[in-house]
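Each remark here refers to the structure printed beneath this line.
The values are calculated or read from the model by the stated rules, or taken from the named source; none is laboratory data. What you see is a predicted model, and the numbers here were worked out from it, not measured in a lab. Counting neighbours? That spans all protein chains shown, and the Cβs are built from the backbone with ideal geometry, glycine included.
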Amino acid sequence: MKLTGASTTLFRYPAPGRSSSRAGSLLELTTDEGMTGIAIGDADLRAPIAALFQDFLKGEDPRAAPGLWHRMQEAHPRAGRARAAIALIDVALWDLKARMNNEPLWKTLGGSRLAVNACASRADATPGARDAGAWFEDTKHRLGFRSGMLRSTGRRIDGHRLEQVRDALANGAGEPELGVDTGGTLAAAEVIRRVRTLEKRFDIAWIALGPPHASARGLRQVSDSVRAAACAGRGLCFPRDFHRHFQQRSIDLVQVDLRVNGITGALQLAEAAYGYELPVMLCAAPGNIHVHLAGAMPYVMNAEITEPAPPALYRTGVRIEDGRARPGKTPGTGITVDRAALARATVDRLSPRGKTARPRRKK
Amino acid sequence: MKITGFRIEQYLMRMDRAIADCNLPGGVNLLPGAILFLETDENITGIALSAGAGMDSLFRFIEGADPREVCGLWVKMNDSLHKIGNRGITSFGLSAFDMALWDLKAKLEDAPLWRTLGAREGRVRAYASGLDYCLSDDELFAFYRRLAEQGVTAGKLKVGLDLEADMRRLGIMREALSVASKKPGLMIDANEYWSAKQAVRWISRMEQQYDLIWAEEPARRWDYHGLRQVSRQVKAGVATGENLHSVDDFYPLLANGATDVINVWTGHSGVTGCRQVANLALAHGVPVSMMNAQANYMAHVAAALPNHWMMEVVDPGREHCLRYDNRIEDGFIVLGNSPGWGVDVDLKKLKALQDNPPQGKGEFPFPRREGAGRYIVPPKPGEVPWRSGR
């Protein structure tokens, strides 16, 4: 069996509860035996995907996802469009392999069908969003979430919003678990100052920093200065971005980001983290496919969920119930695309800032 | 598809030649062998070429399970060993089950295990390792020359009790390998006989004449301080790890920069555990080297590890009741496409070995030799064929 083609379809869809629309891409890898592997991404990666296909994938056996990953990631060890393309290709290859085996992805990866703790995660200033509290309360009522993460989009951690999250997720059974992801907006010293103040009112389980501030030294400083676990990994590429963190043991909770590590890199990172029982959080991936990986990883704490239900364009088979997410039993990542809806949502390009280009019918 | 049962077949194998290291210079030619057969409800059996203790107890966690869920089952078995620890002969039991489960997973995909593990090629660079402490100088030359003729360009010599002999035999090994390479790779292995400081002095003197790639087990398996000291004070890298059992054993070594290469093998909690160790090493920028295995079967795992350097080939002739689908070619172990490990057990030959156990010499595993870490106890007269004039 050989890989014969890679095609990408861009689409826009209205996001539930938002006035603007969201963008995405569907990658399809085809083989000479008629099987297809798919992956959903969130950016226009057509150019790097085409280049990578020519250089690394054309004619190759699709069962060698890890082997192909290792070659491609050596050429692109750091974050960027090429790296994101490799990650997306890796997801599609694993989807393909699982479909070839007629297994759900979690089984192909060697996991049990584990129900993983789900953490509701939302940006604090989602444009056009309802009040953050209402969204979290909704996840608690319908899906039983007991854990919530607030993602900062500005250079501050909003204590008022954090309180809304905590109150929304509270129930008789106990305090919810709270996390804050500052992304790349705050440096270590600012994080420490702000979190120490917040920790007078809140029990914060983790505080995440992102590039460019997620340095080993900075995270150690945070870890040593606040009660919360110092968390990082979103946007970080395994292994290159993690050498210093492992050497200095600067991360208390590692985020495994499929967007830059695919599935192969994600599994590797999780196994490396197990070397000193470093807990793992799986970052949200389109279609919640990251949930498939939990059972194959030895030390997962939780999986981030930003979209409990996917857009109407595709189904995932991932179910969330009682605050836990479980992958489905259909082959591959379990994503089935509504082709008619996709055709209606297809666009020729995603504009640079991700703002709306009205969906046009594909000619 | 469910796991329904298991059985272990034990036997003694008399190897085609004896093997030795400085802990037992006289060597052994008789090794205990074990084969695990892991049975399913669909007439497919997974095998592993090892066994351990407490396997009845561990089996409870995989009985009735789908073997394809191997990583989840590893966690279950490992968690069950929480108090007693995933160590020693109990760990070997976990390893054996894990290896048999992966064999099943690959057989169910109708693929060789290297492909199931995702390698692009079923091909692993080899180095020759005589386990040669009991071989005469001529036998030493013949072993390394034979492998050099198959393209192998690096070799690892057993050392430890006699510097003059070690130096002479390094030269013999180099000469033997020279038909494959103008500058063969040279490694030494002291099997923890030296203290760290003895290692520094000994290796430094060797390095006046030879350029060594790595010195294996130059200090104790747990001694991250000593191992790092050796690594810093000699030119060669340090390799270690064979006597550890699971990834958490490696954490202190890697966290302290104690080793330049990690030796991995089946004893590291199976395929799953081996991969964990390799990925931890990858996170620290350290390469791994797969240790020798009956029928070279662990080459399947090595082929899929991105930071794998070269695999040890001892080839003492210990596959009399096995058929296997790999060969050495151009200095590489080349794996075939037979499903799973690509190893078949010849049940008739196995039974013959069990009914008529072979005779032989030596004690395996080698006990630690007197004097280790403090003073050298040289081989007794006649214990080895390579001591001259004594």
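Residue-by-condition table, conditions (1) free of Cβ contacts under 8 Å to residues at least 24 places away in the same chain; (2) surrounded by fewer than 18 Cβ atoms within 10 Å (Cβ to Cβ); (3) closer than 23 Å to A:GLN247 by Cα:
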| residue | (1), (2), (3) |
| --- | --- |
| A:VAL180 | no, no, no |
| A:ARG194 | no, no, no |
| A:GLU199 | no, yes, no |
| A:PRO212 | no, yes, yes |
| A:SER215 | no, no, yes |
| A:GLY218 | no, no, yes |
| A:VAL226 | no, no, yes |
Just give me the residues in the range A:198-250 being assigned to a loop (DSSP other than H, G, I, E, B) and within 14 Å of chain B (Cβ to nearest Cβ), in sequence order. A:GLY233, A:LEU236, A:CYS237, A:PHE238, A:PRO239, A:ARG249, A:SER250
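To keep it simple, each residue is scored yes or no on (1) farther than 17 Å from A:LYS97 by Cα; (2) part of a strand (DSSP E or B).
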| site | (1), (2) |
| --- | --- |
| A:ILE40 | no, yes |
| A:PRO48 | yes, no |
| A:LEU52 | yes, no |
| A:TRP69 | no, no |
Restricting attention to the range A:280-299, which residues are more than 10 Å from chain B (Cβ to nearest Cβ), within 27 Å of B:LEU253 (Cα to Cα) and touching a residue at least 40 places away in the same chain (Cβ under 8 Å)? A:MET281
Those residues that are within 14 Å of chain B (Cβ to nearest Cβ) and surrounded by 23 or more Cβ atoms within 10 Å (Cβ to Cβ), I need them from the range A:301-329; list them, please. A:PRO327
Return the residues of the range B:224-256 that are among the small types (Gly, Ala, Ser), assigned to a helix (DSSP H, G or I) and within 14 Å of chain A (Cβ to nearest Cβ); say none if nothing qualifies. B:ALA255
Odd one out for A:ASN102, checked against (1) touching a Phe, Trp or Tyr at 6+ places or on another chain (Cβ under 9 Å); (2) modelled with pLDDT of 95 or more; (3) in a loop (DSSP other than H, G, I, E, B): (1)
Is it the case, given these coordinates, that A:GLN268 is farther than 26 Å from B:GLY118 by Cβ, within 10 Å of another protein chain (Cβ to nearest Cβ) and not aromatic (Phe, Trp, Tyr)? no
When restricted to A:ARG146, A:ARG122, A:ARG142, A:ARG151, the only residue over 21 Å from the mean Cα position of the chain (by Cα) and either surrounded by fewer than 22 Cβ atoms within 10 Å (Cβ to Cβ) or in contact (Cβ under 8 Å) with a residue 60 or more places away in the chain (or both) is A:ARG142
In the range B:259-295, residue surrounded by the most Cβ atoms within 10 Å (Cβ to Cβ) [restricted to those that are more than 14 Å from chain A (Cβ to nearest Cβ) and in contact with a helix residue (DSSP H, G or I) (Cβ under 9 Å, 6 or more places away or on another chain)]: B:MET290
For the list (1) assigned to a strand (DSSP E or B); (2) within 14 Å of chain B (Cβ to nearest Cβ), I need the number of the one condition that A:CYS119 fails. (2)
Condition met for B:PHE61 (within 14 Å of chain A (Cβ to nearest Cβ), under 21 Å from the mean Cα position of the chain (by Cα) and either within 21 Å of B:ALA293 (Cβ to Cβ) or in contact (Cβ under 8 Å) with a residue 12 or more places away in the chain (or both)): no
From the list A:LEU258, A:LEU169, A:LEU253, which one is touching a residue at least 60 places away in the same chain (Cβ under 8 Å), crowded, with 22+ Cβ neighbours inside 10 Å and away from chain B (no Cβ under 14 Å)? A:LEU258
Using the structure shown, decide if A:TRP135 is among the aromatic types (Phe, Trp, Tyr), more than 27 Å from A:GLY179 (Cα to Cα) and either within 12 Å of chain B (Cβ to nearest Cβ) or not in a loop (DSSP other than H, G, I, E, B) (or both). no
Would a scan of the range A:256-277 turn up a residue that is within 14 Å of the chain's Cα centre (by Cα) and within 21 Å of A:ASP158 (Cβ to Cβ)? no
For the range A:276-288, which residues satisfy the criterion of being in contact with a Leu (Cβ under 7 Å, 6 or more places away or on another chain) and either crowded, with 24+ Cβ neighbours inside 10 Å or of a type in the set (Lys, Arg) (or both)? A:MET281, A:LEU282, A:ALA285
Based on this model, can you work out whether A:TRP94 counts as part of a helix (DSSP H, G or I), within 14 Å of another protein chain (Cβ to nearest Cβ), farther than 16 Å from A:MET1 by Cβ and not polar (S, T, N, Q)? no
So, in the range B:292-349, how many residues would count as being of a type in the set (D, E, K, R), part of a loop (DSSP other than H, G, I, E, B) and farther than 20 Å from B:SER129 by Cα? 2
So, of the residues in the range B:148-165 that are under 20 Å from B:ARG387 (Cα atoms) and touching a helix residue (DSSP H, G or I) at 6+ places or on another chain (Cβ under 7 Å), which turns out to be surrounded by the fewest Cβ atoms within 10 Å (Cβ to Cβ)? B:LEU163
Single match in B:ALA53, B:ALA126 (criterion: within 20 Å of the chain's Cα centre (by Cα), crowded, with 24+ Cβ neighbours inside 10 Å and among the hydrophobic types (A, V, I, L, M, F, W, C)): B:ALA126
Restricting to the range A:28-80, count the residues that are touching a residue at least 24 places away in the same chain (Cβ under 8 Å), more than 12 Å from chain B (Cβ to nearest Cβ) and closer than 24 Å to A:PRO104 by Cβ. 13
Is the range B:139-147 home to any residue that is more than 14 Å from chain A (Cβ to nearest Cβ), in contact with a Gly (Cβ under 6 Å, 6 or more places away or on another chain), buried (at least 24 other Cβ atoms within 10 Å of the Cβ) and in a strand (DSSP E or B)? no
